[in-house]
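Encoded as C-alpha cells, the structure appears first; notes follow it.
The values are calculated or read from the model by the stated rules, or taken from the named source; none is laboratory data. Because the structure is predicted, anything quoted here is derived from the model rather than measured. Cβ: placed from backbone, ideal geometry, glycine included. Neighbour counts: every protein chain shown. Heavy atoms of the whole protein, side chains included, go into the accessibility calculation; ligands, DNA and RNA do not. Shrake-Rupley method; radii C 1.70, N 1.55, O 1.52, S 1.80 Å.
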Amino acid sequence: MSGVPLSPAFALTRTPVQLARHVSEALGREVYVKRDDQTHPVYGGNKARKLAMLLAEARARGATDLVLVGAAGSNHVLATTVHGRALGFAVTAFVVPRPHSPEAEESLRAAAALGCQLVPTRGEWTAVPRLAHELLRLRLRGRRPWFIPPGGSSSMGAMGYVRAVEELSWQHANGELPWPDVMVCVLGSGGMLAGLAAGVRAVGLPCRVVGVGVWSAWAANRMVLTWMARRTLALTHEPGPHAPPELEVDLGQLGAGYGHPTEAALEAQALFARDGVVLDMTYTAKAAAGMMALARADPRPRRFLFWHSLSSAPLEPLLGSGELPEPQVLALLR
C-alpha cells in the first residue's frame, strides 16, 4: 500500500476508562484502567485493534488466505481466526509449544472450531521455513496468501494503537479522565507499545510509555521497538515536526519465562480483581505487576494508566460443535 492508513476492516468498540479504586488505595497513586478487553463483542483485546488495520490491508491487496505463527492457544492465533474467518479469509497457523493453562487449551479449541488450520511445530525457528513453504504452495495453487506478523506487530498493526491514543485523548478532552503521567502496557511482540509511543507523539500530550516484557528479551529490543514506533508515527501524516517517539522496556517481571506465574503477578491479579478487572497470568498480570513496581519505586505523585489488553468476551459461543485440535496440536500445551 501507499503507506496511508486504511479504514479498519471491522468496527471496534470505544472502550471505557475506569478509576481502579482499590489499586489506587493500595499504591497511594491514582490508577486508571483503559478497558481494551472490550474492543470487540466477539473477541476483543489489543489484537483486535491491530488486526482491524492489518486485515484491511490484506483485503485491499486481494488476499484469500492469512498465514501466521503463534504460540499454541495464543490470543494472536484466536483473534486472527475470529476476525479473519468473519471476513472470509482462510486461516493457517503454525503453532509452537507453550506451558499449559485451561485458558490456552480453550483458546486452541476455539480456533480449531472456527476453522483455523493448526499446524504443530517444534519452535519458532522450525516454523519459519514451513511457513515460507506454505506461502509458496498457496501461490502455486492460485491463492493469494497474506502473512500476518507475529502478534500482529508491524507499523500498520501498531496504527491501531495510534488510533487508541486518539480515542483516549478524546476521552480526556470530554472529562472522562485526567491525562496520565505514565502509561503501562504488556510487551509481547511490541506493536502495542510502539503504537502507544507513536500515538502519544501524534496527539502532542507528554506521557511516559512503558512496556512490561512477558515473552523473551530478544523480542523486547528497545532499538527495534523505537524503529517500529518511528515508522508508525510516519504513517500518521500529522502536520508539523514531531520529536521521535520515546518508550521504555521493563523486563523485571518475566520470571521463569513466557506463561510461567510469578508471585508479583499473582499479587497483581488478586488486587485488580477487587476492581472487577480480570487478569491472566501469561500477559496482563505480569504487566500489571510491572506497573505496581513502577508506582512503588517512584516517590512522586504520578498518575498511572494501565492498558488492559486481554479479551473479556466469553469463549463459549466460539467453541460450538466444530472440529477439535488434533492430538499433536494439543500436545504442544506442555
Original post:
Among all the aspartates and glutamates, which ones have a C-alpha under 19 Å from K50's C-alpha, if same-chain residues fewer than 8 places away are not counted?
Top reply: D36, D37, D65, E166, E167
Subject >> Mean separation of Cα contacts under 8 Å (6+ apart) over length of the chain, as relative contact order % >> reply: 25 percent
**OP:** Specify the angular offset, from 0 to 90 degrees and rounded to the nearest 10, of the alpha carbon long axis of helix 75-86 from the longest principal axis of the alpha carbons in the chain.
**Re:** 60 degrees
Original post:
Applying the Karplus parametrisation 6.51 cos²θ - 1.76 cosθ + 1.60 with θ = phi - 60° to the phi angles of the stretch 203-213, what ³J(HN,Hα) value in whole Hz is obtained for each residue in order, glycine and proline being reported as x?
Top reply: 7, x, 10, x, 5, 6, 10, 10, x, 9, x
**OP:** Would you mind working out the magnitude of the charge dipole of the stretch 104-210 relative to its Cα centre, with +1 at each Lys and Arg C-beta and -1 at each Asp and Glu C-beta, to the nearest 20 Debye?
**Re:** 780 debye
Original post:
Of the accessible area of the stretch 146-293, with the probe set at 1.4 angstrom, what percent is carbon plus sulfur?
Top reply: 59 percent
Subject >> Viscosity 0.890 mPa s, 25 °C: Kirkwood-radius Stokes-Einstein D of the stretch 184-302 over Cα pairs, µm²/s >> reply: 164 µm²/s
Subject >> Surface accessible to a 1.4 Å probe, per residue, for the residues of the stretch 197-329, Å² >> reply: 49 Å²
**OP:** Whole number please: convex hull volume per residue, Cα atoms of the stretch 235-295, in Å³.
**Re:** 146 Å³
Original post:
Can you list the trypsin sites (Lys or Arg not before Pro) in the stretch 28-62 that are in a DSSP coil and have 11 or fewer other beta carbons within 10 angstrom?
Top reply: R61
**OP:** Using only Cα atoms, find the angle between the long axis of helix 155-173 and the longest principal axis of the chain, and express it within 0 to 90 degrees, rounded to the nearest 10.
**Re:** 30 degrees
Subject >> Choice from G190, G276, G213 with maximal GNM fluctuation in the chain (Cα, 10 Å cutoff) >> reply: G276
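Keeping every protein chain in place, order E323, E166 by accessible area at 1.4 Å, biggest value first, i.e. largest first.
Output order, biggest surface exposure first: E323, E166.
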Subject >> the stretch 94-168: C-alpha gyration tensor shape, a/c 1.5 cut-off, then a/b vs b/c >> reply: oblate
Original post:
For the stretch 36-87, what class follows from the C-alpha gyration tensor (a ≥ b ≥ c being the square roots of its eigenvalues): rounded when a/c is under 1.5, otherwise prolate if a/b is larger than b/c, else oblate?
Top reply: oblate
**OP:** Could you list the trypsin sites (Lys or Arg not before Pro) in the stretch 280-328 that lie in coil according to DSSP, counting only those with at most 16 other Cβ atoms within 10 Å of their Cβ?
**Re:** R302
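Please report, as a whole percent, how much of the solvent-accessible surface of the stretch 1-51 comes from carbon and sulfur atoms (probe radius 1.4 Å). Spell out each step's value before the answer.
Working: 1080 of 2130 Å².
Within the stretch 1-51, the accessible surface is 51 percent carbon and sulfur.
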Original post:
Can you give me the relative contact order of the stretch 195-334 as a percent, contacts being Cα pairs under 8 Å and 6 or more apart?
Top reply: 22 percent
Original post:
In degrees between 0 and 90, to the nearest 10, how far off the longest principal axis of the chain does helix 284-297 point, with axes built from Cα atoms?
Top reply: 20 degrees
